[in-house]
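To start, the structure itself, in structure tokens.
The values are calculated or read from the model by the stated rules, or taken from the named source; none is laboratory data. Quantities reported herein were computed from a predicted structural model and do not represent experimental measurements. Positions of Cβ are backbone-derived with ideal geometry, glycine not excepted, and every protein chain shown enters the neighbour counts. Please note that ligands, DNA and RNA were not included when accessible areas were found on the heavy atoms of the full protein model with its side chains. Shrake-Rupley method; radii C 1.70, N 1.55, O 1.52, S 1.80 Å.
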Protein chains: 2
Amino acid sequence: MARTSAQRLKGFRDFLPQTMALRKHVIGTFERVFQSYGFLPWETPTLEYAETFDGKSSEEAQTLMYRFADRGGREVALRYDLTVPLARVIGMHPDLPMPFKRYHIAPVWRAERPQRGRFREFWQCDVDTVGTAQPSADAEILAVVSECLTAVGFSTYRIALNNRKTLSALARYSGASPGQAGHIYRSIDKLSKIGADGVRAELLNAGLAAEASDRVLELVSIEGENAEVLDTLERYLAADSEGVSGVREMRAVLDLLPCFGVEPRACTVDPALARGLDYYTGIVFETLVEEPKVGSVTGGGRYDDLVGAFAGRPLPTVGTSLGLERIMEVLEELHLTPAPRVSADVLVTVWDENALPNALTLSMELRLAGVPTEVYLGAPGNLRRQLTHADKLGIPLTILAGPDEHARDEVTVRDMVTGEQRPVARHGAATHLRAMIAATQETPA
Amino acid sequence: MARTSAQRLKGFRDFLPQTMALRKHVIGTFERVFQSYGFLPWETPTLEYAETFDGKSSEEAQTLMYRFADRGGREVALRYDLTVPLARVIGMHPDLPMPFKRYHIAPVWRAERPQRGRFREFWQCDVDTVGTAQPSADAEILAVVSECLTAVGFSTYRIALNNRKTLSALARYSGASPGQAGHIYRSIDKLSKIGADGVRAELLNAGLAAEASDRVLELVSIEGENAEVLDTLERYLAADSEGVSGVREMRAVLDLLPCFGVEPRACTVDPALARGLDYYTGIVFETLVEEPKVGSVTGGGRYDDLVGAFAGRPLPTVGTSLGLERIMEVLEELHLTPAPRVSADVLVTVWDENALPNALTLSMELRLAGVPTEVYLGAPGNLRRQLTHADKLGIPLTILAGPDEHARDEVTVRDMVTGEQRPVARHGAATHLRAMIAATQETPA
């Protein structure tokens, strides 16, 4: 047979069944958490008018976007994120009840240089609360993030919290020119990576005066309990009403976290946290996994202007994006979540051509009894090949039914792990097997 | 605030929460059926090299495909179907255990003229069994289709069955030239729509001799019980070994269906059924919903050459694609499936700013008790607005807790349908509410 070469695009992945099992487990866990808070699911198209993203994404986004002209000559783009589509849909549906809370789990596309853990097609899990500026909405998002990470098995993570208003006050406090604020944000965001000296060098390099750089470092280096850090910040920024608002917003959010069952020490104020995106207007946060040191697995914040841009009215919004790939990577590395089995519980083997109808009938009985069951669909006979098939698929039990069993009105059940075989009466076999499987699942592997 | 125009591409859809609820219900139902038979989930990329589809799709597919050059100059295409990616992945993974059974639920893209029920982005639910030519594999696919349709609430549907081998024998039997076979397939496929006279006219128009047309119509008009139709066909095609094989394959499949619990009358042999795709090599089938007359909601068959094209070895395959959009459309039209609620079970209202911590704490208690709970995140106070919010979202119960309730250590639970309110002790409120909700869900709406 002539062979056509099979190739996959770089930066794109196939998810084979075993990987899918863990993905579905993680996504299912997130969905249950989202739904328990009343977030509603929705989906938006893969393709959008390219102009929908214009002016709402960074310059970097523009260079990484998959854009092309469709057959009708329309400039279209593969969805770059789930936030701009959120704004578009809200804009097209002025009747949605506010506050409106939705979650959206879907792939996005960015033409990044493929490298370990970075893909051109990757999944985001976004939750956003639209139409309210209340700190309770901010706190709820942090609680959702915290519960999601706990639910999939993380324990050593930390939510770092800051506020864009405080940051902008910090830039003013430093005495730097307004045009230099962006440089300040980008540099201090790297504080934990490059240290105070590295940040100072970058700031000086960007044209900040030495005194301004020192004042920036003075503020971002404030350490201590959250209450102390906030009090100190408030004293420094006392003359800046926006800065004071930022501090008070963080205080309000932190005060509410215990009501959501989030331990206060899980969230720490970090005056150096900036987050890359330009559209944030209030709190910003990241979730840092410390062991192994993979950095941020989720990030988010309040962005009060973007969503209203399509609606033509103010729609303050807070939200977050859980990065599924980073989370999956860490879970696999730490073996935090046992990979669930996707295969059937039972393989019914087929002794020979004549035994096929009985094998099929028993399989249906098992399915009706709630036992996922595969029947061997290759050529009947050759039991060894059929048992190997069960092994390869990780199916834990097989059923053998040859002429001997038939004569005794029995089937033989083989445990594929121990190799142990035992006879089971054909009548009622489904009920019996269901009980056996339930017993296996109670025993830890 | 400056308004940016919000526009969605024609032929693409947003799925708002209420629609999502039904979609998730249908997809979840299909997945449970697939898994109960041992089909394994997988996913493939949205983008493929365009050449992956070359020569494996119809000419129509080539004109409808979304193709473009990516930033690296690679010719890429949005996934046109889930079958060619199946062949590509199988080709790249020679180690997969055979027979290999996978399901794949994902969107595909075709630049069709948008019209009622036809979209440019739509979802397919594919199940395929690769690496076996056994009729048990064919019968299992029909059983899966039947169980899926029953599980989502259909009763008035019929599986029409035919075989490409029989069809090709029919073309030979007619005496038409081999080049005319395609015309014959396309015309007879419309028999139920345009009638025998319409088919005859088309055949004559395509250059068939009157006698050849008559012989075609003679065979496709055979009626009766499956056994009679097959016997008659076999007599007509007795001299054509491929035609006889086709008849025998159908007989073998029909004989096995009762083992899967499929009623024999649910599947009828239809000698006129051709199916559009060129790649079928054995059985072909369609599921026709008769009420309302929406035509085919699923289709599939055996295609023994396509999947092996990438693997370089024969990999006989049988599979089907359940058309989610058609199925959703019919379910909604017939109200066969009650649209499940996606909203939370309870909205906890917030009496005033001071009541917020208590409201949040009660919400968490409810969630921990397994009750999806939303807390009102807009400005506290204004109870009327909060109750309207619950109404709009379809949340069935609200909790009110003002100073009176607080003094009595109670909360008030309001049934949003009846308007009935009753006091519940604050302590143990979560347990009590969980029981109330369980009781509501047992009562038919």
Check your understanding: Can you tell which of A:Ala160, A:Ala133 is within 30 Å of A:Ala238 (Cα to Cα) and either within 14 Å of chain B (Cβ to nearest Cβ) or not small (Gly, Ala, Ser) (or both)?
Key -> A:Ala133
Point to revise | Check on B:Pro340, open to solvent by 30 Å² or more (accessible area, probe 1.4 Å), within 14 Å of chain A (Cβ to nearest Cβ) and either assigned to a helix (DSSP H, G or I) or in contact (Cβ under 8 Å) with a residue 40 or more places away in the chain (or both) | key: yes
Exercise for review: Take segment A:11-40 and flag every residue that is assigned to a helix (DSSP H, G or I) and aromatic (Phe, Trp, Tyr).
Suggested key: A:Phe30, A:Phe34
Point to revise | Cross-chain or 6+ apart pairs with Cβ under 8 Å, segment B:164-177 first and not assigned by TED's automatic domain parsing to the domain that holds B:Ala272, then surrounded by 24 or more Cβ atoms within 10 Å (Cβ to Cβ) and aliphatic (A, V, I, L, M) | key: none
Study note, to complete from the structure: Subset of segment A:41-90, residues in a strand (DSSP E or B), at the interface with chain B (Cβ under 7 Å from one of its Cβ atoms) and open to solvent by 10 Å² or more (accessible area, probe 1.4 Å), comes to A:Glu43, A:Tyr49, A:Phe68
Review point. From the set of residues in segment A:349-363 that are in a loop (DSSP other than H, G, I, E, B) and farther than 11 Å from A:Val411 by Cβ, which is nearest to the chain's Cα centre (by Cα)?
Key: A:Val350
Review point. Any idea which of (1) more than 30 Å from A:Val76 (Cβ to Cβ); (2) among the hydrophobic types (A, V, I, L, M, F, W, C); (3) buried (at least 22 other Cβ atoms within 10 Å of the Cβ) is the one A:Phe100 doesn't satisfy?
Key: (1)
Check your understanding: Is it true that B:Leu331 is open to solvent by 30 Å² or more (accessible area, probe 1.4 Å), modelled with pLDDT under 95 and either assigned to a loop (DSSP other than H, G, I, E, B) or of a type in the set (A, V, I, L, M) (or both)?
Key -> no
Check your understanding: Has segment A:147-154 got at least one residue that is acidic (Asp, Glu) and more than 14 Å from the chain's Cα centre (by Cα)?
Key -> no
Review point. When you look at B:Thr132, is it touching a Pro at 6+ places or on another chain (Cβ under 6 Å), open to solvent by less than 20 Å² (accessible area, probe 1.4 Å) and hydroxyl-bearing (Ser, Thr, Tyr), yes or no?
Key: yes
Review point. Regarding A:Leu397, is this residue more than 8 Å from every other protein chain (Cβ to nearest Cβ) and under 23 Å from B:Glu140 (Cβ atoms)?
Key: yes
Review point. Out of all the residues in segment A:271-319, which are in contact (Cβ under 8 Å) with a residue 24 or more places away in the chain, of a type in the set (D, E, K, R) and within 11 Å of chain B (Cβ to nearest Cβ)?
Key: A:Asp304, A:Asp305
**Study point:** Leading residue by the ranking (modelled with the lowest pLDDT) among those in segment B:115-124 that are within 25 Å of B:Ala77 (Cβ to Cβ) and either more than 15 Å from the chain's Cα centre (by Cα) or open to solvent by 20 Å² or more (accessible area, probe 1.4 Å) (or both)
**Key:** B:Gly117
Review point. Can you tell me which residues in segment B:125-158 are at pLDDT below 95 and part of a strand (DSSP E or B)?
Key: B:Tyr157, B:Arg158
Exercise for review: Being in a helix (DSSP H, G or I), surrounded by 14 or more Cβ atoms within 10 Å (Cβ to Cβ) and among the aliphatic types (A, V, I, L, M) is the filter here, so list the residues in segment B:390-408 that pass it.
Suggested key: B:Ala390, B:Leu393
Check your understanding: If B:Glu31 satisfies every condition in (1) surrounded by fewer than 23 Cβ atoms within 10 Å (Cβ to Cβ); (2) closer than 19 Å to A:Leu16 by Cα; (3) in contact with a Lys or Arg (Cβ under 7 Å, 6 or more places away or on another chain) but one, which is the exception?
Key -> (3)
Exercise for review: Sort out which residues of segment B:365-385 are assigned to a helix (DSSP H, G or I) and surrounded by fewer than 21 Cβ atoms within 10 Å (Cβ to Cβ), and write them in order of number.
Suggested key: B:Glu365, B:Leu368, B:Leu383, B:Arg384, B:Arg385
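Quick grid of which residues meet (1) out of contact with any Leu (no Cβ under 8 Å at 6 or more places or on another chain); (2) small (Gly, Ala, Ser):
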{"position": "A:Gly381", "(1), (2)": "yes, yes"}
{"position": "A:Thr388", "(1), (2)": "yes, no"}
{"position": "A:Ile395", "(1), (2)": "no, no"}
{"position": "A:Ile399", "(1), (2)": "no, no"}
{"position": "A:Asp404", "(1), (2)": "yes, no"}
{"position": "A:Asp409", "(1), (2)": "yes, no"}
{"position": "A:Thr412", "(1), (2)": "no, no"}
{"position": "A:Arg422", "(1), (2)": "yes, no"}
Revision key, fill the gap. Of the residues in segment B:1-50, those that are among the aliphatic types (A, V, I, L, M) and closer than 24 Å to A:Asp14 by Cβ come to B:Ile27, B:Val33, B:Leu40, B:Leu47, B:Ala50
Exercise for review: Would you tally the residues in segment B:3-33 being over 17 Å from B:Met328 (Cβ atoms) and within 14 Å of the chain's Cα centre (by Cα)?
Suggested key: 1
Revision key, fill the gap. When A:Glu286 is run through (1) crowded, with 21+ Cβ neighbours inside 10 Å; (2) charged (D, E, K, R); (3) part of a helix (DSSP H, G or I), the failure sits at (3)
Review point. If we keep just the residues of segment A:422-439 that are part of a helix (DSSP H, G or I) and among the β-branched types (Val, Ile, Thr), which is modelled with the highest pLDDT?
Key: A:Thr431
Check your understanding: Out of all the residues in segment B:202-246, which are of a type in the set (Gly, Ala, Ser) and under 32 Å from the mean Cα position of the chain (by Cα)?
Key -> B:Ser221, B:Gly224, B:Ala227, B:Gly243, B:Ser245, B:Gly246
Revision key, fill the gap. Per the filter on segment B:103-114, residues open to solvent by 10 Å² or more (accessible area, probe 1.4 Å) and within 18 Å of B:Leu322 (Cα to Cα) are B:Ile105, B:Pro107, B:Arg110
Point to revise | Lone qualifier among A:Val350, A:Val411 - being of a type in the set (A, V, I, L, M, F, W, C), buried (at least 20 other Cβ atoms within 10 Å of the Cβ), at pLDDT 95 or above and under 21 Å from B:Asp138 (Cα atoms) | key: A:Val350
